[in-house]
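The next block holds one structure in the form of structure tokens; read it before the comments.
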Amino acid sequence: MKLRIVGGSLKRRVMEVKGGLDDFRPTLERTREALAESLKTRIFGASVVDLCAGSGIFGFEMLSRGAAYVHFVEDHRGRAAAIKSISRRFGVEQQCRVIVSDVDKFLQRTQDLYDIIYFDPPYDVEGLAALLPEVVTHLSDGGICLYEHRKGDGHECLIDRQEGVESRHRNYGRTRVDFITRVAPLNRNTVSDVRSKDDD
């Protein structure tokens, strides 16, 4: 499967990813372009984490558009290795960190806060959506989390009662993306004291 960077310094560079749609559910190119456009005032110099990174295409799109660095969290070692290989081929390996871990363990272990969090869990894996309230505790003040999921799946209200954040959403065909912004300072006592480690 081939995926193309749609904007920025890596525009039109192509990622060749082993596997097809049965192995990945990459964000459609037009949706990715729309999401990047919605973030355009936030990307330059941003710290980014791509959770359930898969191919890593969203993280590379952020780097192409000026993000300071991206942490890719992916529990499949083969996919994680592919992300590392692509980062070297694109010449951005110094701005990338690939963490081989499932999302739950990563969130428990990391103390890092991010300006942009992209959370696009596999639709058919139970339990990952329930991690969203914990995911947003890793937003920096003013940071934004993009939570991509299937429209009408019942996950729309997962963060409605969480203090210090506000949300809006956009629909892209059958996909819904919630834009969750931290509008009040985070209580740092809610964040784990254990720093994240590279598991590869």
PHE72 at pLDDT 95 or above, buried (at least 17 other Cβ atoms within 10 Å of the Cβ), closer than 23 Å to LEU131 by Cβ and not aliphatic (A, V, I, L, M): yes
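For the stretch 35-93, which residues satisfy the criterion of being among the aliphatic types (A, V, I, L, M) and within 23 Å of GLY173 (Cα to Cα)? Steps first, please.
First, the residues of the stretch 35-93 that are among the aliphatic types (A, V, I, L, M): 35-36, 39, 43, 46, 48-49, 51, 53, 57, 62-63, 67-68, 70, 73, 80-83, 86, 92.
Selection gives LEU35, ALA36, LEU39, LEU51, ALA53, ILE57, MET62.
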Name the residues in the stretch 26-42 that are part of a loop (DSSP other than H, G, I, E, B) and in contact with a strand residue (DSSP E or B) (Cβ under 9 Å, 6 or more places away or on another chain), would you? PRO26, THR27, LEU28, LEU39, ARG42
Verdict on LEU158 being surrounded by 15 or more Cβ atoms within 10 Å (Cβ to Cβ) and under 17 Å from the mean Cα position of the chain (by Cα): no
On the basis of being buried (at least 21 other Cβ atoms within 10 Å of the Cβ), within 19 Å of LYS2 (Cβ to Cβ), of a type in the set (Phe, Trp, Tyr) and under 14 Å from the mean Cα position of the chain (by Cα), does PHE106 make the cut? no
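Those residues that are of a type outside the set (A, V, I, L, M) and under 28 Å from GLY66 (Cα atoms), I need them from the stretch 105-131; list them, please. Talk me through it step by step, then tell me what you get.
Here is the first cut: in the stretch 105-131, the ones of a type outside the set (A, V, I, L, M) are 105-106, 108-112, 114-115, 118-124, 126-127.
Once the filter is applied, which keeps residues that are of a type outside the set (A, V, I, L, M) and under 28 Å from GLY66 (Cα atoms), the stretch 105-131 yields PHE106, ARG109, THR110, GLN111, ASP112, TYR114, ASP115, TYR118, PHE119, ASP120, PRO121, PRO122.
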Taking the stretch 172-200 and the residues there that are of a type in the set (D, E, K, R) and modelled with pLDDT under 55, the one that is surrounded by the fewest Cβ atoms within 10 Å (Cβ to Cβ) would be ASP193
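The values are calculated or read from the model by the stated rules, or taken from the named source; none is laboratory data. Nothing here was measured: the structure is a model prediction, and the numbers come from that model. No Cβ is skipped: glycine too gets one built from the backbone with ideal geometry, and neighbour counts run over all protein chains shown.
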